[in-house]
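What follows is one structure encoded as structure tokens, with my remarks underneath.
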Amino acid sequence: MAAGPYNYSYIFKYIIIGDMGVGKSCLLHQFTEKKFMADCPHTIGVEFGTRIIEVASQKIKLQIWDTAGQERFRAVTRSYYRGAAGALMVYDITRRSTYNHLSSWLTDARNLTNPNTVIFLIGNKCDLDAQRDVTYEEAKQFAEENGLMFLECSAKTGENVEDAFLDTAKKIYQNIQDGSLDLNAAESGVQHKPATPRNPINTDQPPNKEGCAC
Amino acid sequence: MANKDEKDNNAQTAANPLSRKLNKILETRLDNDKEMLEALKALSIFFTENNLRSRRNLRSDIEKRSLAINEEFLSAFQAVKEQLDSVYSDVQAMNECCQDMTNRLKAAKAKTHHLISQTTSLHNESQKLQLREQVANAFLEKFQLKPDEIKILRGTRDGGLHADFFKALAKVKQIHSDCKFLLRTNHQTAGLEIMESMALHQESAYERLYRWTQNQCRQVTQDTPDVSYLLCQAVEALQDRPVLLKYSLDEFGKARRSAVVRGFIDALTRGGPGGTPRPIELHSHDPLRYVGDMLAWLHQSSASEKEYLQSLVKNCSANVIQLEEILGNITEGVCTPFKVRVEQVLVSEQDPVILYKLDNLLKFYHHTITQIISSEAALLTTVAEIQDLSHRMFFNSLTSHANRLLDKVELPPPDLGATSSLTQTLQLLRDVLACHDASVVRIDDKKQDYKQILACVIDPLLQMCSVSASRLNAVDMAAYMVNSIHLMNTTLSLYEFTDARLEMLNAQTEAHLDTLVSEQASYILNRVGLAQMYGSIQQHRPEHGPLSSISGLDEIAIKSAMNKFDSYLAQPDSLTLPQCSLILSSTVRASAKKRSVELVCQAYKQIYNAIIDPKNNYRDGQNIVPRTPEQVVHLLM
Ligand SMILES: Nc1nc2c(ncn2[C@@H]2O[C@H](COP(=O)(O)OP(=O)(O)O)[C@@H](O)[C@H]2O)c(=O)[nH]1
Ligand SMILES: [Mg+2]
């Protein structure tokens, strides 16, 4: 509270997508609670979490929408792409099928978000290297071909989880700085809170202006 | 003795000056008289010449000389005297001065004495006063506001709020409550007065704070409101004035409410930057997407608004704030624009599948949004209302579909299979029931819905089938009904909560199957010529005499029938009714076959038992019916 009038100066909206069971909810939980939730219940529809981070000494509040990966929820979750500044697209490195579905997730993401939405590819469960079914190089190449940022993470050990969320925010912030993201437009997925309050606190009023207090 | 003489002499000499003189000279002891010696010595050098003149003049010379000395002496002392005189006059003057000073000092002393005593008493008094001042200052410190603080509480002309306002306000409160101590002492008047003045300060401060807060709250109309630290403090402080707090929060709610409406309309009509994401209304031709996008927007917006509100009242104790109510107000504004649009979609939609999907979608979001705002909130009652409407629209459309089935009943096809309206309706039913897989509604709801849907579709379907079968003969009708019901059955068996319906359908199948089975069995018995005999044997009573004597039951007739029966045994399928072959379900077909064969076997067994019964007087009955019932069962089953 003592930090100033605002807790944060931006809100970034994220969406996490990918097949069921790739660890989307666990990633969110790891990021917001710094804990691994081994018996995470199935996501019903859409859930959300928040956390305040700092990028370039700006406080940014991330509002993260976690979607259900099942096909039957696809129609529902599609509605949550609008207005996302960042999309984390997750697959499970131990299940090739989840990797193979990426192009369909990517199509959704491209069609339903705005052109400036930062899409970050996450290969989750990298702690299970022995059961690996998708190589790092292959996914890296896919990411490069599609202009995605990419990291392999583990929601279990927490490896790289922080980086994935923060790098996405940094990229969004960079887009704001170089002007490619228009903050005034509705549903850019970013909301800005002015650094100085519009109604400044009257701390140093010149005395002559003051009404007579005698 | 001498002294006595001298006394006598002296008395004589006094009478004679000369003798006295002489005596005196004689009595002089020169060697002891230093003075005399000195004088003589001086005298000895007195003359330079011892002559008569000198001797004569001695006296005058000495006198002269003495005179001169005295004159000299005199003049010397004259100067001394003059100097002494001047010293004297100086001393005199000093004395006078001293005297004067002494007098003056005396006078001053006399005067000062009063002053000093006055000073001392004043000094004492001043010390006392200082002490009292300290006490008074301490009192004022504790029981009065500083001018600065008063100024802060008064605020500025433009209504701004100083950052230290809350400190000052807390002090006013503290003083006010401290006055209770005063009231318990003998400073009651002061206590009351201070209390009163603090109450006034407090009132005006709260009023100012309220006006400021209200003004601030009125301005939080941006997409993302600025909930400043100062505003949070203001809201916290207003907890002491619940009414003012309520008004302020109402104002906040109003501002947010219009912000939410504006955001919703923007999302509907303007979309994102450069048109991506596209405006929601662009998808109005796709009802599910259109309504789904609106609901998702409302869901996200409700979540955000709740966060803003929570950050505003984060310092308040939970019981003071009617969070749910305020959130309800904030999200109330979008109800109408939302409702109007969804209603438009619903009333122009004919397809029951889409209607049902919309119904489920609305249910899903009702459930989802309930996790954020109270189900009593206008938004949720609106969603519930619209969901109710969609539910009714769905069943209306389903019912009207079912009614159309009965309006124009098709004739059964020659293969006694499904009519196209049955196939279509079952496909519709499948589509409708499948909707549930694509959404999350409570199991109870699902169960209730299924019951209602089945009632709405299956009953008219059965009715339609009966009507369409009404002109068929019994066997055709039974086969047709068995087939139609079978198709319903296979459709329903894929879904949950259809058990009761399936049971009902199975019972109906059984009834039709009974007809079919008995028709098949009697057809077989007729064709092998056993039907007549079987009838006669069943009607036969012992008093009629032995069977062999009854016409049509003679040995020859029986033997010829048994021959035919044998060829049936060799080729049992040859006597299968065409209707039985038309049964679609292989299990039902098999069961029909099995049960009709059982009937045939039973009939044979009765005939066999009758013929080998000696009472019936057949010669060599064993020869007439060579096959035992067991053999027949074995061959047929
Ligand atoms: N070993 C391992 N298991 C994980 C990891 N992340 C998630 N899981 C497990 O994967 C399963 C599915 O996770 P969940 O977050 O529910 O997946 P979601 O359907 O994408 O939300 C759960 O049983 C988790 O315990 C990970 O990084 N490592
Ligand atoms: Mg999940």
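Yes or no, residue by residue, for (1) open to solvent by less than 40 Å² (accessible area, probe 1.4 Å); (2) within 21 Å of the chain's Cα centre (by Cα); (3) more than 9 Å from chain A (Cβ to nearest Cβ); (4) free of Cβ contacts under 8 Å to residues at least 40 places away in the same chain:
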{"residue": "B:Pro287", "(1), (2), (3), (4)": "yes, no, yes, no"}
{"residue": "B:Gln300", "(1), (2), (3), (4)": "yes, yes, no, yes"}
{"residue": "B:Ala303", "(1), (2), (3), (4)": "yes, yes, no, no"}
{"residue": "B:Ile330", "(1), (2), (3), (4)": "yes, yes, yes, no"}
{"residue": "B:Val334", "(1), (2), (3), (4)": "yes, no, yes, no"}
{"residue": "B:Phe338", "(1), (2), (3), (4)": "yes, no, yes, no"}
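Does any residue of segment B:198-210 turn out to be open to solvent by less than 20 Å² (accessible area, probe 1.4 Å), within 22 Å of the chain's Cα centre (by Cα) and modelled with pLDDT of 85 or more?
No.
Conditions: (1) assigned to a helix (DSSP H, G or I); (2) within 14 Å of chain A (Cβ to nearest Cβ); (3) not hydrophobic (A, V, I, L, M, F, W, C). B:Asn315 meets all but one. Number of the miss?
The one condition B:Asn315 does not meet is (1).
Report, by residue number, each residue of segment A:33-81 that is assigned to a loop (DSSP other than H, G, I, E, B) and more than 9 Å from ligand 1 (Cβ to nearest atom).
Correct list: A:Lys34, A:Lys35, A:Ile44, A:Gly45, A:Ala56, A:Ser57, A:Ser79, A:Tyr80, A:Tyr81.
For segment B:556-566, state whether one or more residues are of a type outside the set (A, V, I, L, M) and either closer than 28 Å to B:Leu416 by Cβ or in contact with a Cys (Cβ under 7 Å, 6 or more places away or on another chain) (or both).
no
Tally the residues that are in a helix (DSSP H, G or I) and either surrounded by fewer than 13 Cβ atoms within 10 Å (Cβ to Cβ) or touching an Asp or Glu at 6+ places or on another chain (Cβ under 8 Å) (or both), restricting the search to segment B:597-622.
4
Report whether or not A:Gln141 is open to solvent by 30 Å² or more (accessible area, probe 1.4 Å), more than 9 Å from ligand 1 (Cβ to nearest atom) and at pLDDT below 95.
no
Please find, within segment A:3-59, the residue that is most open to solvent (accessible area, probe 1.4 Å) out of those that are within 11 Å of chain B (Cβ to nearest Cβ) and within 11 Å of ligand 2 (Cβ to nearest atom).
A:His42
Given the conditions (1) closer than 29 Å to B:Arg392 by Cα; (2) without any contact (Cβ under 8 Å) to a residue 60 or more places away in the chain, report the number of the one that B:Leu433 does not fulfil.
In the conditions (1) closer than 29 Å to B:Arg392 by Cα; (2) without any contact (Cβ under 8 Å) to a residue 60 or more places away in the chain, B:Leu433 misses (2) alone.
Select from segment B:257-269 the residues that are of a type in the set (Lys, Arg) and more than 14 Å from chain A (Cβ to nearest Cβ) and list them in ascending order.
Residue satisfying the conditions is B:Arg257 alone.
In segment A:72-113, how many residues are crowded, with 23+ Cβ neighbours inside 10 Å, closer than 18 Å to A:Gly45 by Cα and more than 8 Å from every other protein chain (Cβ to nearest Cβ)?
6
Select from segment A:152-178 the residues that are outside any helix (DSSP H, G or I) and surrounded by fewer than 20 Cβ atoms within 10 Å (Cβ to Cβ) and write down the one among them that is farthest from ligand 1 (Cβ to nearest atom).
That would be A:Asp178.
Among the numbered criteria (1) among the aliphatic types (A, V, I, L, M); (2) touching a helix residue (DSSP H, G or I) at 6+ places or on another chain (Cβ under 6 Å); (3) part of a helix (DSSP H, G or I), which single criterion is violated by B:Val441?
Here B:Val441 clears every test but (3).
Can you give me the number of residues within segment B:362-412 that are open to solvent by 10 Å² or more (accessible area, probe 1.4 Å), part of a helix (DSSP H, G or I) and within 14 Å of chain A (Cβ to nearest Cβ)?
4
Kindly indicate which of B:Asp514, B:Asp476 is open to solvent by 40 Å² or more (accessible area, probe 1.4 Å), in a helix (DSSP H, G or I) and within 21 Å of B:Ser586 (Cβ to Cβ).
When all the criteria are applied, what remains is B:Asp514.
Say we look at segment A:60-71 and pick out the residues that are facing chain B (nearest Cβ under 10 Å) and surrounded by 15 or more Cβ atoms within 10 Å (Cβ to Cβ); which of these is nearest to ligand 2 (Cβ to nearest atom)?
A:Ala68
Suppose the filter is assigned to a helix (DSSP H, G or I) and surrounded by 11 or more Cβ atoms within 10 Å (Cβ to Cβ); does B:Ser89 pass it?
Answer is no for this residue.
The values are calculated or read from the model by the stated rules, or taken from the named source; none is laboratory data. No experiment lies behind these values; they were computed from the predicted model shown. Ideal geometry is used to build each Cβ from the backbone, glycine not excepted, and the neighbour counts take in all protein chains shown. Remember, those area values only see protein heavy atoms, side chains included, never the ligands or the DNA or RNA. Shrake-Rupley method; radii C 1.70, N 1.55, O 1.52, S 1.80 Å.
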